[in-house]
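As C-alpha cells, the structure follows; a few thoughts come after it.
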Ligand code: BDR
Ligand code: CA
C-alpha cells in the first residue's frame, strides 16, 4: 500500500478524487491538507470534512494556506457553485479539522516516511511551495508529487480554462507551481492535455446513465458535476485522473520536459511553457491517458458504492 497525502481545494472534482482515494486498497491516505483555490480555505476544509464523513471515515484534515503566495484568490463559483460542492447538499460535518497546520503535517510526514510518501495535489501548489521554502532539505526527501495542474500543449486536447493558455490551479498560484517544478522533487504534472481528452471524460449520455444508477455515490456524483456538464458539454475529471496515477501508473504516459511558468503576463499568467521535451531534467508531464482503465476505476470505486 502506498502512503499518500491529498492536498485539495475541494471543489467538485477534488471531492470525487477523495472518494476514489479512500476506496482504493492500493492507497493508505495518511491525511488530507487543504488550500485556498476553488473556494476559500475554510470552505475547502469544511467540504473535505463533509466528504470524509459522507464516506463514514475519519481521515484527519489539516487546514493550510488561505491565499496564494502572490496575487489574489479568484474563487470559481461557476463550476463549483456557492458552496464549492456544486448542487450537492451534505450535512454540516461533525468531524473537526486538526489544529496542526498543513505545512507542518506534510513536513512531519516526510520526516517519518520519506521516499515511501506520495503527495497528490489537486489544488494550487501553495502549501507545497511553502513547505519547500520552509524546510528544503526535508521536503526533498519526499517520494514524489503528483499534481493536477497546467496546460502544456503536448496533445490536440485541452485549452486554458482561465485564460487561453492557463489552467486554474497554476493560474491561481503560478509562483508556487514554479517553486515546486524547480525544487528537484520528482513531479508528475497531470494537465488539461490529458484531463480534457474525450476518452477520459464523462459525456452527457454517460452522465444520464449514471443518474439512473441511484446508488448513494452516483447521486452525489451527478449533483456535484452537473454544472460542469452544462458549462463545458462534457465532464473532465481533472483531479480524479491525477489521483488515479497513484493507483496505477499505466493510466498515464508521461515524458520528461523542462517547463517554465509564466508568473506575470496579463494574458498569460500561469501558462506552463514546455521549453524542451524528452530531457534528463525537469518534470514528468502527462501526454496520453488510458481512458478506459480510468473510467472503469470511477465506475467500480466511486459510482457502484
Ligand atoms: C482544476 O481546477 C479546479 O477547478 C479543479 O478542481 C481542478 O483541480 C482544473 O483546472
Ligand atoms: Ca482541485
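Here, each number is a calculation from the coordinates, and none is a lab measurement. If you're wondering where the values come from, they're calculated on a predicted model, not measured in any experiment. Positions of Cβ are backbone-derived with ideal geometry, glycine not excepted, and every protein chain shown enters the neighbour counts.
Given labels modelled 7 Å from the Cα in the Cβ direction, how far is it in nm from residue 67 to residue 203?
4.5 nm
Can you tell which of 148, 213, 130 shows the greatest fluctuation in a Gaussian network model of the chain with Cα springs below 10 Å?
In the Gaussian network model the winner is 213.
Taking 7 Å along the Cα-to-C-beta vector as the label spot, tell me the residue 214-residue 94 distance in nanometres, rounded to one decimal.
2.9 nm
Largest first and to the nearest Å, give the Cα extent of the chain along each principal axis.
47, 44, 36
Rounded, prolate or oblate: which one fits the range 50-153, using the alpha carbon gyration tensor with axes a ≥ b ≥ c (rounded when a/c is under 1.5, else prolate when a/b beats b/c, else oblate)?
Cα axes put the range 50-153 in the oblate bin.
Which of 36, 200, 15 ends up with the largest GNM mean-square fluctuation for the chain, with Cα atoms connected below 10 Å?
Evaluated over the chain, the most mobile residue of the options is 200.
Given springs between every Cα pair under 10 Å in a Gaussian network model of the chain, which of 32, 179, 18 has the largest fluctuation?
179
For residue 101, put the label point 7 Å out on the Cα→Cβ axis and report which residues of the range 120-138 keep their amide N under 15 Å from it.
It comes to 126-136, nothing else.
For the residue pair residue 134 and residue 230, what label-to-label distance in nm results when each label sits 7 Å from Cα along the Cα-to-beta-carbon direction?
Placing both labels 7 Å beyond Cα along the Cβ direction yields 4.0 nm.
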